[in-house]
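First comes the structure, then the notes that go with it.
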Amino acid sequence: MSYLVLALILYIIMDVNYFLRCIFTVLVGSLFQQKRKVTDTTTIYDICTTQDVDVFIRHMNNARYLRELDFARFHFYALTDLYKRVRKFGGGAVQGASNVRYRRTIPIFNAFKIQTKLIWWDEKAIYLEQKFITLSDGFVRAVALSKQNITNCNVIDVMKTFTELNEKRPELPEELRLWLDANEVSSRKLRKDN
């Protein structure tokens, strides 16, 4: 009986499903899927259920997109060993910023995939592009740009350990450059206001 009470308390005070899904996603990726190059695109699959929908119970809630991006990012880290290499340098990763462009909703009970790709990096962060694509029609429902701040180490040094990069960084995509410029304008304004 005490285990049941403990489980109930945990479900009340914590989002237990989130932590279980994180563990499941990383374990499945690590144990049952082939490792990928850091330049490869990784893919996870899911379905929009009644736990994901908005108040109209028709399509995925906007907040769920960000949650799903977490799982896809953890999966990418596990398959490419990127996070493992960051840890070897004594670093960690934390979400620094994200930008989601919603193009069309994901209807309830529709299966979708999230494709994650590393598109650029600088000394302090890596930048990912993630796409939500419905399986029924192949339509890109949403596109997200994600800035992952890497703490306590130089990202350039970490990326040099990936032989497939030939120590070359890709061109900075225009869309990412414009987003980074907008973030800088916002940061200057906030620093001025404070």
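Whenever you get a sec, compute what percent of the accessible area on the stretch 7-187 sits on carbon and sulfur atoms (1.4 Å probe). Don't jump to the answer; show the numbers that get you there.
Values: 5550 of 10140 Å².
Accessible surface attributable to carbon and sulfur in the stretch 7-187 totals 55 percent.
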Overall dimensions of the stretch 89-194 as given by Cα atoms, namely Rg and Dmax in Å: 16.4, 48
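Of the DSSP beta bridges with both residues in the chain, give the percent that are antiparallel, rounding to the nearest 5. Intermediate values should be presented prior to the final figure.
Values: 36 of 36 bridges.
Close to 100 percent.
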Interchain or long-range residues, amide H under 5 Å from Asn110's placed H: Cys48
Cα-Cα over 23 Å, subset of Lys113/Lys168; Lys117/Lys189; Lys147/Lys189; Lys88/Lys147: Lys113/Lys168; Lys117/Lys189
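Counting only heavy atoms of the protein chains, get the accessible area per residue of the stretch 7-187 (1.4 Å probe) and round it to a whole Å² value. Present the calculation step by step, with values, prior to reporting the outcome.
Details: 10140 Å² over 181 residues.
Heavy-atom accessible area per residue stands at 56 Å².
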15 Å beta-carbon shell around Leu31, net charge (K/R +1, D/E -1): +2
Residues of type aspartates and glutamates that Lys37 reaches as a straight line, Cα spacing below 12 Å, ignoring anything fewer than 8 places off in the same chain: Asp81, Glu164
Cα pair distances of the stretch 7-187 binned at 5 Å [whole percent]: 1, 7, 15, 18, 20, 16, 12, 7, 2, 1, 0
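The values are calculated or read from the model by the stated rules, or taken from the named source; none is laboratory data. Please read all numbers here as calculations on a predicted model, not as lab measurements. Here Cβ is always computed from backbone atoms with ideal geometry, including for glycine, and neighbour counts include all displayed protein chains. With ligands, DNA and RNA removed, areas are computed over all heavy atoms of the protein, side chains included. Shrake-Rupley method; radii C 1.70, N 1.55, O 1.52, S 1.80 Å.
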